[in-house]
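Throughout, read-outs are computed from the coordinates displayed, never taken from laboratory work. Quick caveat, the model's predicted, so the values are computed rather than measured. Cβ: placed from backbone, ideal geometry, glycine included. Neighbour counts: every protein chain shown.
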Amino acid sequence: MKQIAILGSTGSIGTQTLDVVRQHPNEFSVYALSAHRSLDLLIQQALEFNPAVVCIADERLYQPLREALSDLPIKVMAGEKAIAEMVTMPAIDVVVAAMVGYAGLRPTIEAIKAKKTIALANKETLVVAGEIICRLAKRHQVSILPVDSEHSAIFQSLVGEDMHSVEKLLLTASGGPFRTFTYEQMQHVTAAQALQHPNWEMGAKITIDSASMMNKGFEVIEARWLFDIPVEKIQVLVHPQSVIHSAVQFVDGSVKAQLGTPDMRIPIQYALTYPARWLSDVPRLDLFAVKQLTFEEPDMQRFPNLRLAYEAMEKGGNMPCILNAANEVVNLAFREGKCGFLQMSEVIEQTMGTTSFITEPTYEDYVQTDKEARKIAKELLKLFN
């Protein structure tokens, strides 16, 4: 039985991971759960799954969490350092890294050092420090299995293949809720509109990133590190139906793709069961109902975040870290009504041009870059208000 630690258990990926565990109670056991500040749901999950350890990042919530679980033999921890400590516990086999944003970096690094298999949903970890993460994984002989639907699709399409035969990766994108909007229309869109994704049910932060296509930009960077392939061999295709989750084109002209319903439990389960496939109750894909599959070139003028992600990756060094930090600031500001949709890209681009650039950053450099870029982005936001 695999012992699983779920970082971000109260979020979209975390709750769906627990759905997978419910389907296979004899195969998986939840050893550890962590959440940022969703106290009530974390308590509910702990009562249902009875993990050995529960950790909440917001230390102010430690006491009510401990009191709620006082009758159970569950170790209660609190704080970001505690989460990084929790993932190193010897009994854990797999760490599902589903924390949102930069916060997932340190725990993932510690889990790799502890030789845990990583089921990676937190794309920001590879965006910020892909080179360090991949070097550590190689040194400690740790598998990083993708949970993102697109990267899982590529991973599945590469099973049994030689990477030397890969011509390019085809990364699909739904286009989000504003795919058909004009530039003028996009000047007035609201967070409420952006949160209405046409195909997927996700957390608020990633849904906004999807609407701005920053999420797809992050996925380009993530794919570059996961599959050790030059960024120029990664092509983004807008595919509104979200049926083909991504594909691989080979040197002989063949293309292999993974298709399915837009249900995150499919890639989550595959990451947990790889290389096996187990029965799942997710809805089956009805190709007769689909009728058509269409593809479009992404418009980088209306969605400049995708261009900025490519530029950050090509620049290298700490530039992707700057990109991520600025995006986290403007994403939250947009959700809080403190920034316009199109202004997000302007702030990010100016932050990228202002923050100190480091060619070969260390982990400590990334920490300082993140702080500096956030400060600059927040100052730039004030100019728009």
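For Lys375, a cut-off of 19 angstrom between C-alpha atoms picks up these aspartates and glutamates, skipping any fewer than 8 places away in its own chain: Glu124, Glu328, Glu336, Glu346, Glu349, Glu364, Asp365. Could you tell me the calculated FRET efficiency between Glu379 and Glu48, based on Cβ-Cβ distance and R0 = 56 angstrom, to the nearest 0.05? Calculated transfer efficiency: 0.80. Residue-wise HN-Hα couplings along segment 87-98, as the Karplus relation 6.51 cos²θ - 1.76 cosθ + 1.60 with θ = phi - 60° gives them from phi, are 5, 8, 4, x, 6, 6, 9, 10, 10, 8, 8, 10 Hz; Gly and Pro carry x. Net length available on complete extension from Met163 to Thr182 is 2.9 nm, with 0.36 nm assigned per residue and the Cα-Cα distance removed.
For segment 316-385, the convex hull drawn through the C-alpha positions has a volume of 67 cubic angstrom per residue. Beyond 23 Å in Cα-Cα separation lie the following of the pairs Lys205/Lys378; Lys81/Lys123; Lys2/Lys205: Lys2/Lys205. Place a label point 7 angstrom from the Cα of Arg139 along the Cα-to-Cβ direction, then list the residues of segment 334-366 whose backbone nitrogen is under 11 Å away. Taking a point 7 Å out along Cα→Cβ of Arg139, the residues of segment 334-366 whose backbone N falls under 11 Å are 363. Amide H contacts under 5 Å for Leu237: Leu171, Thr172, Ala173, restricted to partners 5 or more places along the chain or on a different chain, H placed in the peptide plane at 1.01 Å from N. Computed over the Cα atoms of segment 66-105, the ratio of the radius of gyration to the Kirkwood radius (Rg/Rh) comes to 1.01.
Can you give the FRET efficiency for Arg307 and Gln63, using 1/(1 + (r/R0)^6), R0 = 51 Å, r = Cβ-Cβ distance, to the nearest 0.05? That gives a FRET efficiency of 0.60. A Cα-only calculation for segment 2-146 places Rg and Dmax at 14.2, 44 Å.
Considering every pair of different Cα atoms, what Kirkwood radius, in Å, is found for the chain? The partial results should precede the final answer.
Values: mean 1/r = 0.0469 Å⁻¹.
Across the chain, the inverse of the average 1/r is 21.3 Å.
For the peptides 58-65, 153-160, 261-268, the ranking by mean Cβ contacts within 10 Å, running from highest to lowest, is 261-268, 153-160, 58-65.
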